[in-house]
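Trainee: Sharing a structure here in structure tokens format.
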Amino acid sequence: MDIVKVIKDGYQGYANYLWEEIAHPQWHSYFYWLVGISLFFLAVEWLRPWRKDQPRFRKDFWLDAFYMFFNFFLFSLVIYNAASEAVVYLFIEGLASVGITNLVAFEVMSWPVWAHLLVGFVVRDFVQWWVHRLLHGVPALWEFHKVHHSVEQMGFAAHLRYHWMETVVYRTIEYIPLALIGIGLRDFFIIHIITLAIGHFNHANIRLPLGPLKYLFNNPQMHIWHHAYDLPEGRKHGVNFGITLSLWDYLFGTTYMPHEGRDIKLGFPGVERFPQGFIKQNLHGITKLNSRVPEEKHVIKRV
């Protein structure tokens, strides 16, 4: 198959898929799941806000709302889907040239449904936890990740405010582990919806004590410290990296929750000068002109 045809088919296939998603809703329509889950958390934030002095439409709410639809749908339409189809095609062709025709190492799809859903969920979250740490620890990647940390008033929609390069980084590193266990599209859809809902919950302006479940699942009272402006001493690359599961932070010693942190300052040193608009934020880290925002000396606060 010609690589140009792969790219062309990728664009056309995704455009048709997106149109079907919107025009013909079905139970597996990402678009309406995103809308429904978002409206649910918006209602909960309005009815039972944790930070009661925060406006209903907090700072940058509409910017974050646009990010949700851009990162979930428009970025794939513009470039990502066709590009990823081409990269996967070249990767598979490269493996075939050395005699590797099947990446699947564990045929989990032959297991009970609950078992391969659980394995896919845990493997993906574990990989994402390490990728998240890379985004904080590698200076070039941190410049992209600053877009997500430029949130100064927290709410559910902040979940999907992130630089488009994060999609490239996450998906590139995720691909091989998920391919090795042969996770199918139906499973990936279910896992993705679960992580979407928990991700919205983690960023929401709500308080919901989880009791012992806090050692397993991420939550607003834990994740707020990940967005803290002031980091604890010796943790310059961040804390509480959990995406969906908090388990990894407890296992690897990156947990930090001195108190609930309802009113702590959010962002990072220099966030005051960080680009405000969508276009400038998504050029950040790419162009030499604005690749780095000067950071103030990071004053560590003992809490």
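The values are calculated or read from the model by the stated rules, or taken from the named source; none is laboratory data. None of the values given here were measured: they were computed from a predicted structure. Don't worry about glycine lacking a Cβ; one is built from the backbone with ideal geometry, like all the others, and counts go over all protein chains shown.
Trainee: Run down 224, 198, 206 and say which single residue is closer than 23 Å to residue 117 by Cα and touching a residue at least 12 places away in the same chain (Cβ under 8 Å).
Mentor: On the way: 224 fails: closer than 23 Å to residue 117 by Cα; 206 fails: closer than 23 Å to residue 117 by Cα.
The unique qualifying residue is 198.
Table: residues versus (1) over 22 Å from residue 278 (Cα atoms); (2) acidic (Asp, Glu); (3) within 22 Å of the chain's Cα centre (by Cα); (4) at pLDDT 75 or above.
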position: 25; (1), (2), (3), (4): yes, no, no, yes
position: 37; (1), (2), (3), (4): yes, no, yes, yes
position: 40; (1), (2), (3), (4): yes, no, yes, yes
position: 50; (1), (2), (3), (4): yes, no, no, yes
position: 59; (1), (2), (3), (4): no, no, yes, yes
position: 70; (1), (2), (3), (4): no, no, yes, yes
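Trainee: Among the residues of region 268-283, count how many are of a type outside the set (A, V, I, L, M) and surrounded by fewer than 18 Cβ atoms within 10 Å (Cβ to Cβ).
Mentor: Our first condition is that a residue be of a type outside the set (A, V, I, L, M); within region 268-283, this holds for 268-270, 272-278, 280-282.
Next cut, surrounded by fewer than 18 Cβ atoms within 10 Å (Cβ to Cβ) only: 269-270, 272-273, 275-278, 280.
Summing the residues that are of a type outside the set (A, V, I, L, M) and surrounded by fewer than 18 Cβ atoms within 10 Å (Cβ to Cβ) in region 268-283 gives 9.
Trainee: Looking at the structure I just gave you, is residue 94 at pLDDT below 85, more than 21 Å from the chain's Cα centre (by Cα) and at positive phi?
Mentor: No, not satisfied.
Trainee: Name the residue, out of 206, 190, 224, that is at pLDDT below 95 and either in contact with a helix residue (DSSP H, G or I) (Cβ under 7 Å, 6 or more places away or on another chain) or surrounded by 15 or more Cβ atoms within 10 Å (Cβ to Cβ) (or both).
Mentor: Exactly one of 206, 190, 224 is at pLDDT below 95 and either in contact with a helix residue (DSSP H, G or I) (Cβ under 7 Å, 6 or more places away or on another chain) or surrounded by 15 or more Cβ atoms within 10 Å (Cβ to Cβ) (or both), namely 190.
Trainee: Separate question: Would you check if there is a residue in region 6-14 being at pLDDT below 85, among the hydrophobic types (A, V, I, L, M, F, W, C) and within 22 Å of residue 195 (Cβ to Cβ)?
Mentor: The answer is no, given that none of the residues of region 6-14 is at pLDDT below 85, among the hydrophobic types (A, V, I, L, M, F, W, C) and within 22 Å of residue 195 (Cβ to Cβ).
Trainee: Next question. Condition (residue is in a helix (DSSP H, G or I), touching a Lys or Arg at 6+ places or on another chain (Cβ under 9 Å), hydrophobic (A, V, I, L, M, F, W, C) and within 24 Å of residue 59 (Cα to Cα)) applied to region 271-281: is it met by at least one residue?
Mentor: Yes; the residues of region 271-281 include at least one that is in a helix (DSSP H, G or I), touching a Lys or Arg at 6+ places or on another chain (Cβ under 9 Å), hydrophobic (A, V, I, L, M, F, W, C) and within 24 Å of residue 59 (Cα to Cα).
Trainee: State all residues of region 131-171 that are free of Cβ contacts under 8 Å to residues at least 24 places away in the same chain and out of contact with any Leu (no Cβ under 8 Å at 6 or more places or on another chain); if no residue qualifies, say none.
Mentor: 138, 139, 148
Trainee: Only residues that are under 23 Å from residue 174 (Cβ atoms) and crowded, with 21+ Cβ neighbours inside 10 Å: list them for region 210-221, please.
Mentor: The answer is 218, and nothing else.
Trainee: Can you tell me how many residues in region 213-246 are under 24 Å from residue 141 (Cα atoms) and under 20 Å from the mean Cα position of the chain (by Cα)?
Mentor: Result for region 213-246: 19.
Trainee: Can I ask one more? Applying the selection to region 227-252, what residues are surrounded by fewer than 17 Cβ atoms within 10 Å (Cβ to Cβ), of a type outside the set (Ser, Thr, Tyr) and modelled with pLDDT of 95 or more?
Mentor: 251, 252 - these are the residues of region 227-252 that are surrounded by fewer than 17 Cβ atoms within 10 Å (Cβ to Cβ), of a type outside the set (Ser, Thr, Tyr) and modelled with pLDDT of 95 or more.
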